[in-house]
Each structure stands twice: as C-alpha cells, then as structure tokens.
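Notes follow once the structure below has been shown.
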Amino acid sequence: MTQTQAAERSEQREEATGGGGLPEASLAESLRFLGLGVLPALGRGLFSARPLVVKLMAALRTDERVIRGLADLRRARGGQGARLLGGRLVLLWGSDAIREVLDASA
C-alpha cells in the first residue's frame, strides 16, 4: 500500500467516525451482541462442546439470530466495526480494520 492510499483510507475512516476511530455502539446494541453471540458461545463450551446445550441451541436457532443481530449492527454502524461497552470490546468486520489490528499486534 502506498502512502497516498494509506492517507486516503485514514481520511475515509475519520469521515465515517467523526475522527474518533470506530463508532460507539449503544448500550442496547452492546447487550444484544453479548446476549446473542457471547453468552451462547460460552454456554456451548469454549474448548469442549456440551452436547445437550449444543442441541438446545440448534433447536432455538441461535446461530441465525446471531447472524441477524450482527447484520443489523453492521447496517446501523457501517464502517469497519464498532466499539461495544465503551470500547471494552471491539467488533471488527472491515478488512482494513482487521489488517490494522493484526499489523499493530505483530
């Protein structure tokens, strides 16, 4: 990526977020994500699956609800991602934001 392209992307990010990085999700959006995505994942088991819980989650179609919830959040916030719970949790969906995080962590 050239310096010009990097500068253009930075300007686009600032325009999309008002210069403050990723947009802040509301408390309701944050709690919805936690309820639809994080809690079911913990219930299923992080390292070893809990068969009864997995079967229950499949019957409740929780995966479809997570997909709809994330799609709604992405439509509402746009851009490269969103900060949840005051920035304590960051949800990324844009390749530029993901690349930036990975580059900064290496």
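List of remarks:
- Residues (among the β-branched types (Val, Ile, Thr), surrounded by 14 or more Cβ atoms within 10 Å (Cβ to Cβ) and under 20 Å from Ser26 (Cα atoms)) located in the range 62-106: Val66, Val90
- All of Val90, Val53, Val101, Val38 fail the test of being part of a helix (DSSP H, G or I) and in contact with a Lys or Arg (Cβ under 6 Å, 6 or more places away or on another chain), apart from Val53.
- Scope the range 65-106; condition of a type in the set (Lys, Arg) and touching a helix residue (DSSP H, G or I) at 6+ places or on another chain (Cβ under 6 Å); matching residues: Arg65
- There is no residue in the range 50-61 that is of a type in the set (A, V, I, L, M), surrounded by 12 or more Cβ atoms within 10 Å (Cβ to Cβ) and closer than 28 Å to Leu102 by Cβ.
- Checking each residue in the range 12-49 for being at pLDDT below 60, surrounded by 11 or more Cβ atoms within 10 Å (Cβ to Cβ) and not small (Gly, Ala, Ser) picks out Gln12, Arg13, Glu14, Thr17.
- Pair list, Cβ under 7 Å, 6 or more apart: the range 49-70 residue closer than 27 Å to Val90 by Cα, other residue outside any helix (DSSP H, G or I) and open to solvent by 90 Å² or more (accessible area, probe 1.4 Å): none
The values are calculated or read from the model by the stated rules, or taken from the named source; none is laboratory data. Predicted model, so just to flag it, every value in this text is computed and none were measured. So basically every Cβ, Gly included, is an ideal-geometry build from the backbone, and we count neighbours across all protein chains shown. The protein model used for the area step is the full one, side chains on, heavy atoms only, and it has no ligands, DNA or RNA in it. Shrake-Rupley method; radii C 1.70, N 1.55, O 1.52, S 1.80 Å.
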